[in-house]
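These notes are about the structure you will find just below.
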Amino acid sequence: MQVGYAQKTAAERKIALDFNDFCADISDSTYRLGLQLGGKIKEGMGTREMKGIKPLSKQILSYLDKQAVLLKNKKIPLEMEILRTMMLTYISVEKEFLATFDDFENLPKGFSDEAFTLKYNKLMSHSQKEADVLADFNKVAEACGIVFGYKIRDDENDD
């Protein structure tokens, strides 16, 4: 049995796809900035001194706050509201995640492996929460794509 949906206009499809792309840009940009934070932690492991994490974290937090405001103000079709809600949840989880990165900078110079491991385990716990929220977001984005007649691209398989 095939489920049918009301035919969407080209304008509705474009608005929905643009909103989906806007949300994807938020997660992609946050991921790239997060890689920079990870680099700071790796660098700190080598020198046994964590520094430069909080300023980068504040930059990411500022970015997320600005994107949340833009996200809340976007005019979108009612069927896309769940996607907006999912992205706002993602932003909230990212902000919590940033606090675990900041915690690394509180390690004293010459910190022990044990002290690092405690912070790292906390980070990994939040990392899983982030992954779960993003997976849920992606499922909702795919469902919205079906409703509006567009396909979510799979960056891993794009050539």
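The values are calculated or read from the model by the stated rules, or taken from the named source; none is laboratory data. These figures come from a predicted structure and were not determined experimentally. Quick reminder, even Gly has a Cβ in these numbers, built from the backbone with ideal geometry, and neighbours come from all protein chains shown.
Taken together, 51, 74 contain a single residue that is surrounded by 13 or more Cβ atoms within 10 Å (Cβ to Cβ), at pLDDT below 95 and either among the basic types (Lys, Arg) or touching a strand residue (DSSP E or B) at 6+ places or on another chain (Cβ under 7 Å) (or both), which is 51. For residue 88, the conditions (1) surrounded by fewer than 17 Cβ atoms within 10 Å (Cβ to Cβ); (2) over 26 Å from residue 146 (Cα atoms) are fulfilled apart from (2).
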